[in-house]
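Structure first, commentary second.
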């Protein structure tokens, strides 16, 4: 019984890792690159805010991915 419970947990962990990797790929693709055009302070502020928000989400997901990989013995 305990063996099958571990298997279910491992399967769920691997599924979650797959979801995290897909989300990380999507978020990294969405990271805005700096514009070569001159911008005003409002545009610059919006760019920085959007970039910081995405970078924060990426950092949290990377931490969760590392924790899951460690739990699953995939370090």
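Since every read-out is calculated from the coordinates, none of them should be taken as a lab result. Note that the coordinates shown come from a computational prediction; the quantities given were computed from them, not determined experimentally. Counting neighbours? That spans all protein chains shown, and the Cβs are built from the backbone with ideal geometry, glycine included.
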(request) Can you tell me how much longer the chain between residue 50 and residue 15 gets when fully stretched, taken as 0.36 nm per residue apart minus their C-alpha distance, in nm with one decimal? (result) 9.8 nm
(message) Can you give me the distance in nm between label points at residue 43 and residue 60, each placed 7 Å from the Cα along the Cα-to-Cβ direction?
(response) 3.0
(request) Determine the shape class of the chain: with a ≥ b ≥ c the square roots of the Cα gyration tensor eigenvalues, call it rounded for a/c under 1.5, and otherwise prolate if a/b is greater than b/c, oblate otherwise. (result) prolate
(message) Looking at the chain as a GNM with Cα springs under 10 Å, which of 45, 13, 56 has the largest mean-square fluctuation?
(response) 45
(request) Specify the residue with the greatest mean-square fluctuation among 17, 61, 31, computed from a Gaussian network of the chain linking alpha-carbon atoms under 10 Å apart. (result) 31
(request) Work out the FRET efficiency for residue 69 and residue 35 from their Cβ-Cβ distance, taking R0 = 25 Å, and round it to the nearest 0.05. (result) 0.10
(message) Taking the 0 to 90 degree range and rounding to the nearest ten, how far is the long axis of helix 2-30 tilted relative to the main principal axis of the chain, both from C-alpha atoms?
(response) 10
